[in-house]
Amino acid sequence: MDYQAVLEEVAAFARPLVRHGRVADYIPALERVSADRFGMAVADIHGAVYGVGDWEVPFSVQSISKTFSLALVMAQSPGSHGEDGIWKRVGREPSGTPFNSLVQLEAENGIPRNPFINAGALVVTDRLQTLTGDASTSMLHFLREESGNPDLAFDQVVADSEAGHGDRNAALAHFMASFGNLENPVPSVIEHYFWQCSIEMSCRDLAVAGGFLARHGLRADGSRLLEAREAKRINAVMLTCGTYDAAGEFAYRVGLPAKSGVGGGIIAVIPGRCTLCVWSPGLDARGNSVAGAAALDHFTTLTGWSVF
């Protein structure tokens, strides 16, 4: 596979859509990001990396971080798939509602539908805080190691911006705490959640850091982070829940496990082959990158690679 040639063709296809959609405006720090950006990277399972456009420009990972927090919790919680694990506190089903919705929590006793909506990610962050004592720093260290980029950092401006406009997330956390589904104080959980979302990474960094999902749980150094069945499970939940309440449409178009973020990034996995990341800040009504989804659709069309 000539990845570079494919990426160039994909970029040419997607660029007319780059200014489509709206940059996330409910987080002021994200509203200032230029809508003209587009980058895409592919990291194969052997460590080779290819990119096009703004693929080395850092951006706010936002909800893409939820994939890595879930992986770290599952890696550090033997039996996390069982009765005493994280899946007792968060479901694995598509929500069918916006990522910051409150409506299901009361009817379902404070158990979020899946780990990739905000309520579910708060539960996962809470568990990671219990396991590590410092959820956000643990994630940052992991991402530095897996990406090979020691300069990865939190964006203070983004974290402060989210904290200043985080009433809905605080409401979700307090609501779940009222059902006994948080182990740590709400302010601590919220703080670590915002820090995780504020991490800045490039398409290159994210594609490389997510490689363990394409390698069935093996880290970049060959050590095992997850058992193969756990990597399979994360990929499965990404496929069904990773693009907010548009996961069915995304699976129909792209056919890959993926996780999007309102910073405009999408990470996608082709198990046994490679990991991809695309970034374009213009979002559709459900919070997914317009040009990014089109680029991944075109990539799987050109290569014939999907999980179907």
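The values are calculated or read from the model by the stated rules, or taken from the named source; none is laboratory data. Keep in mind that what you see is a predicted model, and the values were worked out from it rather than measured. Here the Cβ positions follow ideal geometry from the backbone for every residue, glycine too, while neighbour counts run over all protein chains shown.
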(message) Can you tell me which condition A14 does not meet? The list is (1) under 18 Å from D284 (Cα atoms); (2) part of a loop (DSSP other than H, G, I, E, B); (3) out of contact with any Pro (no Cβ under 8 Å at 6 or more places or on another chain), and all the others hold.
(response) (2)
(message) For the range 162-191: of the residues being more than 23 Å from E108 (Cβ to Cβ), at pLDDT below 95 and among the small types (G, A, S), which is farthest from the chain's Cα centre (by Cα)?
(response) G164
(request) From (1) surrounded by fewer than 21 Cβ atoms within 10 Å (Cβ to Cβ); (2) in contact (Cβ under 8 Å) with a residue 40 or more places away in the chain; (3) part of a helix (DSSP H, G or I), pick out the condition that doesn't hold for A71. (result) (1)
(message) Step by step: first the residues of the range 240-293, then only those that are at pLDDT below 95 and assigned to a loop (DSSP other than H, G, I, E, B), then the one that is surrounded by the most Cβ atoms within 10 Å (Cβ to Cβ). Which residue is that?
(response) G287
(request) Scan the range 107-118 and report the pairs whose first residue is at positive phi and whose second residue is of a type in the set (V, I, T), with Cβ atoms within less than 8 Å and a gap of 6+ or a chain change. (result) none
(request) Name every residue in the range 208-250 that is in contact with a Gly (Cβ under 7 Å, 6 or more places away or on another chain) and among the hydrophobic types (A, V, I, L, M, F, W, C), in order of residue number. (result) V208, A214, A220, L225, L226, A228, A231
(request) Starting from residues that are over 11 Å from the mean Cα position of the chain (by Cα) and of a type in the set (V, I, T), keep the ones in the range 235-276 and report whichever is farthest from L213 (Cα to Cα). (result) V254
